[in-house]
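Engineer: Below: one structure in structure tokens.
The values are calculated or read from the model by the stated rules, or taken from the named source; none is laboratory data. Note that the structure is a prediction, hence the values are computed from the model and not measured. Please note: Cβ atoms are built from the backbone with ideal geometry, for glycine as well, and neighbour counts cover all protein chains shown. Side chains are part of the model used for accessible areas, which takes the heavy atoms of the whole protein and leaves out ligands, DNA and RNA. Shrake-Rupley method; radii C 1.70, N 1.55, O 1.52, S 1.80 Å.
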Amino acid sequence: MVIPLSNKVARRIFMAKQGLSASPAQAQTKPDLLHLIHNLGFVQIDSISTVERAHNQILFSRNQTFRKEHLRQLLEEDRELFEHWTHDAAILPCAFYPYWKHKFRRNEAPMRKRWAKWHGEDFDKAFDETFNRIVENGAVLAREVKDADHKSGGWWQWHPSKKALEFFWHTGKLAISGRQNFQKIYDLSERVIPADQLAADLSHEEFIDWACRSALERLGFATHGEIAAFWDLVSPDEARAWVSAHRDDLEEIEIECQGGDKPRASVALTGLSPNIEDWPEPPGRIRVLSPFDPLLRDRNRAERLFGFRYRIEVFVPEPKREYGYYVFPLLEGDRMIGRIDMKADRKAGKLNVTRLWLEPKVKASAGRMAKLDAELARVARFAGVSDIVYASGWNADP
């Protein structure tokens, strides 16, 4: 039997799974933060800091008592978290490291082939020298091993030692022990990853089952393609085969989509309730999300569930941008209501708000604008600035 899920129930399920249904004002301890990241699965890292770095903003939007120092301690001192790749660079619980060992083994041969094509057949000429330096002398920043005569450039012009550091990180020999001014510090994995996680060895079947099952738990419902894309650990074919082999553990679901699209056939783990009363109503306040928020990472899924089309325009030439360089999505309750362009000027102590775009049929009522003002005040405090400066015409209709 196929179980229908209304769009509203589907949104509530997904938001609950993504940590957006709990009170954002409830005091958060360091163990609470670890629990949140474990439930999310991963938190994406990005270098852009228009207001705050992506990982900090993702966590702040879920709990506004979040402390950046707790995250640093969990990563660099407690070793409860590690940095690696899902679909992009991310922070993950160290409890997941044994599954990433399978990713490392899968990565090595294809990566060597790609890098030989991109960087030249001698891309690995500094590998032994760089690795031995870390063995003998300890952790390094990329700039500390840079060739004196090498000119800086994009990733395709990395100096040989930088290539070595990144290759060994992607294939598990090195790990990130911390960051200095957001630059990665590389060290031997055995000096960073807890010994029990480093030593754990899982079968291929255990790896596939965890990668698919844990993704579905965090998505609530999904297609095999969405399951595969969540961690980017398995292929869509492997996810499809897992779904076929575990029909007794799964239920067929049909998701009502926004915009009149036909229902989306998906699967869920047995026992997922289709009753709205069984899922918490998200807080009604407005929240500013990171462009890399996991609620929106799958842009097509977000459009089906929320009717919200979002694309980051960092790499779009300015004349061709529809909105702006780094525009933040706005969430109110269980609805995506618009986007806002703003930037923190820490030297001047100001949050400069340039423009607001509300979605069609979303009105700039006095109550809604008051909620937005309150959220911007919270964001400003989190970003370490004291004043909010609104540009002329910032909330004018387009």
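Engineer: What is the Cα radius of gyration of the range 212-300 over 2.2 N^0.38 Å, N being its residue count?
Structural biologist: Dividing the Cα radius of gyration by 2.2 N^0.38 Å gives 1.19.
Engineer: Given a 1.4 Å probe and every protein chain left where it sits, what share in percent of the accessible area of the chain is carbon and sulfur?
Structural biologist: Answer for the chain: carbon and sulfur cover 49 percent of the accessible area.
Engineer: Ok, one more. Can you give the relative contact order of the chain as a percent, counting alpha carbon pairs under 8 Å and 6+ residues apart?
Structural biologist: Value for the chain: 18 percent.
Engineer: Mind checking the range 157-220 for chymotrypsin sites (Phe, Trp or Tyr not before Pro) that DSSP puts in a loop (not H, G, I, E or B) and that have at most 12 other Cβ atoms within 10 Å?
Structural biologist: The qualifying sites are Phe182.
Engineer: For the range 299-352, what's the relative contact order in percent, using C-alpha pairs closer than 8 Å and at least 6 residues apart?
Structural biologist: 21 percent
Engineer: Take every Cα-Cα distance within the range 67-144, group them into 5 Å bins from 0 onward, and report for each bin the whole-number percent of pairs it holds.
Structural biologist: 3, 11, 14, 17, 24, 18, 8, 4, 1, 0
Engineer: Accessible surface of Thr354 in the full protein assembly, 1.4 angstrom probe, to the nearest 10 Å²?
Structural biologist: 70 Å²
Engineer: Run through the range 183-282 and list the trypsin sites (Lys or Arg not before Pro) located in a DSSP loop whose Cβ has at most 15 other Cβ atoms within 10 Å.
Structural biologist: Sites meeting the loop and neighbour criteria: none at all.
Engineer: Moving on to the next point. Probe radius 1.4 Å, ligands and nucleic acids left out: which of Leu272, Leu20 has the largest accessible area, and how do the rest follow?
Structural biologist: Leu272, Leu20
Engineer: Ok, one more. Putting +1 on Lys and Arg Cβ atoms and -1 on Asp and Glu Cβ atoms, find which of Ala241, Cys257, Leu141 reaches farthest to the positive end of the dipole of the range 119-266.
Structural biologist: Leu141
Engineer: Can you sort Met1, Met15 by 1.4 Å-probe accessible area, starting with the largest?
Structural biologist: Putting Met1, Met15 in descending order of accessible area: Met1, Met15.
Engineer: Debye sum, Cα scatterers, the range 307-361, no solvent: what log₁₀ I/I(0) at q = 0.16, 0.27 1/Å?
Structural biologist: -0.56, -1.11
Engineer: Where only protein heavy atoms count, and the probe is 1.4 Å, what is the accessible area per residue for the chain in Å²?
Structural biologist: That works out to 47 Å² per residue.
Engineer: Can you list residues whose amide H is under 5 Å from Phe82's amide H, if they're 5+ apart or on another chain and H is modeled 1.01 Å from N?
Structural biologist: Leu92, Cys94
Engineer: Per DSSP H run of at least 4 residues, take -39500 (n - 2.57); add these up for the chain, divide by its residues and hand me the 222 nm value, nearest 500 deg cm²/dmol.
Structural biologist: Helix-only estimate at 222 nm: -11500 deg cm²/dmol.
Engineer: Quick one: 3J(HN,Hα) in Hz for the range 388-396, Karplus 6.51/-1.76/1.60 with θ = phi - 60°, rounded, Gly and Pro as x.
Structural biologist: Rounded to whole hertz, the list is 10, 10, 9, 5, 4, x, 4, 10, 6.
Engineer: So what does Thr270 come to for accessible area, using a 1.4 Å probe and Å² rounded to 10?
Structural biologist: About 80 Å², rounded to the nearest 10.
Engineer: Below 8 Å, C-alpha to C-alpha, sequence gap of six or more: please give me the relative contact order for the range 195-288 in percent.
Structural biologist: Once normalised by length, the contact order is 23 percent.
Engineer: For the range 1-135, state what percent of all Cα-Cα pairs lands in each successive 5 Å bin, counting from 0 Å until the bin that includes the largest distance.
Structural biologist: Percent of Cα pairs in each bin: 2, 8, 13, 16, 16, 13, 11, 9, 6, 4, 2, 1, 0.
Engineer: With all protein chains present, calculate the accessible area of Asp248 using a 1.4 Å probe and round the result to the nearest 10 Å².
Structural biologist: Here the accessible area works out near 150 Å².
Engineer: While we're on this one: Identify the GluC sites (Glu not before Pro) of the range 1-95 meeting these criteria: DSSP loop state and at most 11 other C-beta atoms within 10 Å of the C-beta.
Structural biologist: Glu77
Engineer: Okay, next question. Got a sec? What order do Glu166, Glu359, Glu108 fall in by accessible area at 1.4 Å, biggest, i.e. largest, first?
Structural biologist: Largest accessible area first, the list is Glu108, Glu359, Glu166.
Engineer: For the range 1-63, take every pair of Cα atoms, bin their distances at 5 Å starting from 0, and report each bin as a whole percent.
Structural biologist: 4, 15, 22, 21, 16, 12, 6, 3, 2, 0
Engineer: In square nanometres, what is one fourth of the surface area of the convex hull spanned by the alpha carbons of the range 294-398?
Structural biologist: In nm², the orientation-averaged hull projection of the range 294-398 is 7.6.
Engineer: Still on this structure, I have one more. Say the cut-off is 22 Å between C-alpha atoms; which of Lys184/Lys343; Lys8/Lys361; Lys101/Lys184; Lys17/Lys343 go over it?
Structural biologist: Lys184/Lys343; Lys17/Lys343
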